[in-house]
Amino acid sequence: MRRKAQATGVDMRLGPRPGEIIDRSRGLTFTWDGDTYPAYRGDTITSALAAAGVRVMSRSFKYHRPRGVMTTSYLDPGCLVQVGDEPNVRASHRMVEPGMSARPQNAWPSLRYDVKSANGALAPFLSAGFYYKTFMRPKRLWPAYERVLRGFSPGGAVSPEAAHDYYDKRYAHPDVVVAGGGPAGMAAAVAAAAAGAAVMLVEGEPELGGHLRWGAAPELAALGDLRRAVAATGGIEVLTDSVVTGRYDGNWVAVVQRSAPGVVERLIKARAGVLVAAPGLIERPYVFSGNDIPGVMLSTGARRLINLWAVKPGERAVVLTANSSGDAAVCDLADAGVDVLKIVDARSGEDVVRAKGGRTLRAVECADGTTVECDLLVTAVGWTAPTSLLNMAGDRPVYNERAARFFPGGGHDDVLATGGIAGDGSLEQLIDHGSAVGRAAARRAHEVSATTEIPSLPVEAHPALFKARTHGFVDFSEDVSSKELEEAVAEGYDSIELAKRYTTATMGPAQGKLESVNAVAVVAAATGATIAATGTTVWRPPYSPVTLGALAGRSFEPVRYSPMQPWHEAHGAKPLVAGQWIRPDHYGDPAAEVRSVRSGVGLIDVTPLGKFDLRGPDVPKLLNQLYINKWSKLALGSVRYGVMCAEDGVVLDDGVTGRLGDDHYLMTATSSGAETVWEWIESWLQTEHPEWRVHVARVTSDFASINIAGPRARDLLSLVVDDVALGPEEFPYMRVRSGSIAGIDGSFMWRIGFTGELSYEIHVPASYGLGVWETLLERGADLGVKPFGVEAQRILRLEKGHLIVGQDTDGLTRAYGAGLDWAVKLDKEDFAGKPELGWQEGRDDFLRLVGLRPLEGTAVPAEGSQIVEAGIIVGRITSSRMSPTLGRSICMGFVAPHLAEPGSAISIVAPDGSRVPAVVTPQLAQVDPKGERLHG
Amino acid sequence: MILIPCPHCGERNVSEFQYVGEALTRPNPDGVDPEQWRSYLYLRSNPAGPTVESWFHRAGCRRYLKVERDTVTNEVTSVTLPGRGGPQP
């Protein structure tokens, strides 16, 4: 059944080919730019379009020139399209699917009439560094330039509504990873597996075979044999449509599996014993005027189109050939019914000068003076060895003049090369080489021998052909011509690395695989150096572009909830993300929550508080080392507030530590600092004082923690505690008691006061947390107990003038600056940060943390607002809130020392530029500065 | 990704570890002058070649380890438990 595309009325599909990969029994349709096209299962987007005679697949990056198929492979630079929500799809690689909607993505308003192709007419102005030179001045127009230039940038559209698909991640430990499933790669995999190695064979195309797939009968026969051998050999995992994107230290190999069932993509992190690089050779385009016109193709591109997809690439052809691939293309074209009008044999000095045409090729002008009217020009001028994976192992490619291409430098025990990048030779020689490399890889992976001999492949002579006598495109993805590269050299960018960055040649989606060697050759010619001396740019990971989804994979970031979370959720808590923890920010009205704490009693879930169980005779030594204040005489049953500084004297964390037994202490750290403090403790114990007998256990999640705060806190606690005397004399401020809470043994409570109210922090075994929380609310109903969230706690502590490390201090705040003078005990033998604090004590050149009262009580200057004096920044607001207790705004902030005295008038600049006058308060605390509520 | 042979856990991916920094000796805080102390805080030799570093096996045994590593080749030549080396500032 022949099916003609209605949109074009053209049918270029050939009769059945022996190696075709389309399934003619399974026809389907898809849309391109709104029109419906027929295709077969196995077609790529561009093979289906080419079968319908479509020539223009995209508009180019800078000049919006029409572009079509050139390589018919993943690298095809003119074939990036939008498929549904997905931008930058490689249309010469992606298979069509029924109903698929593909669109061109760099054309406006349409592919046929592209307004911006005016760029082409302006080409003389778009020279090397055009954007750098043109859009420099005046500087005030930068934002305008940016808006315009962004409109010109290529790439498809990412939909904000696009589904967040599932990307997978897997770890693997193969003995041997073979990157490339051509004849040498398949042979290597079979030989390695036969030698007992676990092998992962990775192929970028949808099936194994490499260049054998588009070969003639003998190649197809060999392909069948090799595929059967792979299938028959145990121990080979074959991954097709997958790519080894990088090789890292320790043969850590990244593999992206593109069409794994059930997931969009899967990133495999493989720790390979030996990596075998067998990527084959990539055919190099030729540089000449018009080398990008649709209808100019590489010999491999034309052969693939004919032999894999049974598509006739044109009607009348000229072939420029310098090698057997070009010669084979001549045979394939003739076989496909293409009229081969002229064979330009570069081996005998013939050449092409320019291609002519617009949206399609019309004629080729040859060096012998003839001009041939044709719609297809096939070039076969040489090969590029994609040595990327070897480069990533430190290899530096070496230019071989005889073969006119780069070769691996060699010399790695755990990264080996085979196939075309290692040399030439007959198919039999390549397969033998692959087998030898596979055997060596298996032996090295099993550490049998690192010095297995590997035979070398012959190197065949090939003419050095890079550029005709006209200028043409070197980088098709970035629209960089040989003329621009020459200009770049003339302007002084005369090393390949500089010229590359200045012109962006080799920096586009093909990542240098098509254009790198031509760029080197053009720069070499312009500088008068040899290609060998000019060298090549370094190929870095990834080998092939990787989606962000594949890199991100599924998330392994844990989310932590307290045991009381079900209650919070059921009672309308607004969640607050605090590091890994999700906490209730408030339950609807934080100001009301503040008032209920100040007037009655409130409960807050403080489970995320870092908690450490410290045991051993040397705990006091540890505490003295970690905290800036003194800990030697902490009595049994007592609690003390402590501040930690890092070795630079900067405030690191704060919290309270209580003594539960002779050698048993419980330390708390801030919720956000808990991990840091744990590592800090271990660091001191393991590296500086391994002789101290202290054991540390993190018990943060072992206990559910609740702060009961307010004048009626004692009344509430007494309803659930029987075995501990709670009277103000029996259980005074800064004491700890253990006992049973709501019938739960193994609980303890301490009397502290972050909120400034009478308050008890209770810690109960975590599994009882929800029950105790509900019991407190139930039994305390008559007392009017209400839950409060983090926001109310922040207001309460700000009213009380208690700082929050990280909010009211930053990475430069040393203890004296945070108003912690009273805590610093420089007479201690040692503590972390002691020398810096000793030096700070004698100075007067640092900002001080003070309380601030805006004169206008309704003004709440945003946190981070600057404090300014005579146009100079002299401080900033660290915390600011409306105080429900005082009915006016309150702040804490840093001010220069000359403004730190109580009563100093300061001026705050709000983000909108308005000024908020304020005065420094006598203390940090603006509610109950004497602490009568706390001690009640 | 380099492998670090942890004396407790065996060869593990470096992503399990936290790089602490060059192994340092903490000066005696009594009598130290600002120059000595700040060189302990901030100055690192950053050699191209063999160096001794402190690593923390965060996702493993949670031990601080003294690792001898060549920064050019990433070859790890020795991993031991630290004696007195000083916590990192």
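The values are calculated or read from the model by the stated rules, or taken from the named source; none is laboratory data. Quantities reported herein were computed from a predicted structural model and do not represent experimental measurements. For neighbour counting, all protein chains shown are included, and Cβ atoms are generated from backbone atoms with ideal geometry for every residue, glycine included.
Points worth noting:
- Any hit, segment A:41-48, residues being in contact with a strand residue (DSSP E or B) (Cβ under 6 Å, 6 or more places away or on another chain) and in a loop (DSSP other than H, G, I, E, B): yes
- Take the conditions (1) among the hydrophobic types (A, V, I, L, M, F, W, C); (2) in contact (Cβ under 8 Å) with a residue 60 or more places away in the chain; (3) farther than 16 Å from A:GLY871 by Cα; A:VAL916 misses just one of them, which is (3).
- Sole residue being closer than 22 Å to A:ARG640 by Cα and in contact (Cβ under 8 Å) with a residue 24 or more places away in the chain, chosen from A:ALA713, A:ALA742, A:ALA725, A:ALA766: A:ALA713
- With respect to the conditions (1) under 22 Å from A:TRP252 (Cβ atoms); (2) away from chain A (no Cβ under 11 Å); (3) in contact with a Ser or Thr (Cβ under 7 Å, 6 or more places away or on another chain); (4) in a loop (DSSP other than H, G, I, E, B), B:THR51 falls short on a single one, namely (4).
- Total residues in segment A:573-589 satisfying the condition of being more than 29 Å from A:THR676 (Cα to Cα), in contact with a strand residue (DSSP E or B) (Cβ under 9 Å, 6 or more places away or on another chain) and not aromatic (Phe, Trp, Tyr): the figure is 1.
- Qualifying residue in segment A:630-637 (condition: more than 14 Å from chain B (Cβ to nearest Cβ), in a strand (DSSP E or B), touching a residue at least 24 places away in the same chain (Cβ under 8 Å) and surrounded by fewer than 17 Cβ atoms within 10 Å (Cβ to Cβ)): no
- Some residue of segment A:445-462 being of a type in the set (Gly, Ala, Ser) and surrounded by 15 or more Cβ atoms within 10 Å (Cβ to Cβ): yes
- Scanning segment B:10-21 for residues that are surrounded by 15 or more Cβ atoms within 10 Å (Cβ to Cβ) and more than 9 Å from chain A (Cβ to nearest Cβ) yields B:ARG12, B:GLU16, B:PHE17.
- Those residues of segment A:598-618 which are β-branched (Val, Ile, Thr) and within 45 Å of the chain's Cα centre (by Cα), in sequence order: A:ILE604, A:VAL606, A:THR607
- Leading residue by the ranking (nearest to the other protein chains (Cβ to nearest Cβ)) among those in segment A:610-623 that are surrounded by 21 or more Cβ atoms within 10 Å (Cβ to Cβ) and of a type outside the set (Val, Ile, Thr): A:LEU622
- Filter result for A:ILE236 (modelled with pLDDT of 95 or more, touching a helix residue (DSSP H, G or I) at 6+ places or on another chain (Cβ under 6 Å), of a type outside the set (S, T, N, Q) and under 24 Å from A:ASP168 (Cα atoms)): yes
- One residue from A:GLU447, A:GLU515 being at pLDDT below 90 and out of contact with any helix residue (DSSP H, G or I) (no Cβ under 7 Å at 6 or more places or on another chain): A:GLU447
- Residue count for segment A:573-602, restricted to those that are of a type in the set (A, V, I, L, M) and touching a Phe, Trp or Tyr at 6+ places or on another chain (Cβ under 8 Å): 4.
- Comparison of A:ARG751, A:ARG698, A:ARG735 shows that the only residue that is among the basic types (Lys, Arg), surrounded by fewer than 23 Cβ atoms within 10 Å (Cβ to Cβ), more than 14 Å from chain B (Cβ to nearest Cβ) and touching a residue at least 40 places away in the same chain (Cβ under 8 Å) is A:ARG735.
- Qualifying residue in segment B:27-38 (condition: within 11 Å of chain A (Cβ to nearest Cβ) and in contact (Cβ under 8 Å) with a residue 24 or more places away in the chain): no
- Looking only at segment A:55-74, and only at residues there that are crowded, with 24+ Cβ neighbours inside 10 Å and hydrophobic (A, V, I, L, M, F, W, C), the one that is farthest from A:ASP375 (Cα to Cα): A:PHE61
- Scanning segment A:676-687 for residues that are over 15 Å from A:ASP618 (Cα atoms) and at the interface with another protein chain (Cβ under 9 Å from one of its Cβ atoms) yields A:TRP678, A:GLU679, A:TRP680, A:SER683, A:THR687.
- Candidate set from segment A:248-267 (those that are of a type in the set (D, E, K, R) and touching a Phe, Trp or Tyr at 6+ places or on another chain (Cβ under 9 Å)); member that is farthest from the other protein chains (Cβ to nearest Cβ): A:GLU265
- Residue in segment A:214-227 that is crowded, with 21+ Cβ neighbours inside 10 Å and either of a type in the set (Val, Ile, Thr) or not in a helix (DSSP H, G or I) (or both) present: yes
- Number of residues in segment A:268-299 that are more than 30 Å from A:VAL448 (Cα to Cα) and in contact with a Lys or Arg (Cβ under 9 Å, 6 or more places away or on another chain): the value is 14.
- Selected residue (only one of B:TYR40, B:TYR19 is in a strand (DSSP E or B), on the phi < 0 side of the Ramachandran plot and among the aromatic types (Phe, Trp, Tyr)): B:TYR19
- Some residue of segment A:572-595 being more than 43 Å from the chain's Cα centre (by Cα) and either outside any strand (DSSP E or B) or at positive phi (or both): yes
- Residues in segment A:231-262 that are crowded, with 20+ Cβ neighbours inside 10 Å and among the β-branched types (Val, Ile, Thr) were compared, and the one that is nearest to B:GLU11 (Cα to Cα) is A:VAL253.
- Every condition in (1) closer than 20 Å to A:ASN518 by Cα; (2) in contact (Cβ under 8 Å) with a residue 12 or more places away in the chain holds for A:GLY357 except the one numbered (1).
- Among the residues of segment A:638-672, those identified as part of a loop (DSSP other than H, G, I, E, B) and either among the acidic types (Asp, Glu) or more than 20 Å from A:GLY753 (Cβ to Cβ) (or both) are A:ALA646, A:GLU647, A:ASP648, A:GLY649, A:ASP662, A:ASP663, A:SER672.
- Only one of the listed residues (A:ARG266, A:ARG284) is of a type in the set (D, E, K, R), within 25 Å of A:ASP475 (Cα to Cα) and buried (at least 21 other Cβ atoms within 10 Å of the Cβ). That residue is A:ARG284.
- Lone qualifier among A:ALA277, A:ALA272 - being buried (at least 24 other Cβ atoms within 10 Å of the Cβ), in contact with a helix residue (DSSP H, G or I) (Cβ under 8 Å, 6 or more places away or on another chain), within 25 Å of A:PRO545 (Cα to Cα) and within 14 Å of chain B (Cβ to nearest Cβ): A:ALA272
- Selected residue [touching a strand residue (DSSP E or B) at 6+ places or on another chain (Cβ under 6 Å), buried (at least 19 other Cβ atoms within 10 Å of the Cβ) and of a type outside the set (Phe, Trp, Tyr)] from A:VAL824, A:VAL772, A:VAL868: A:VAL772
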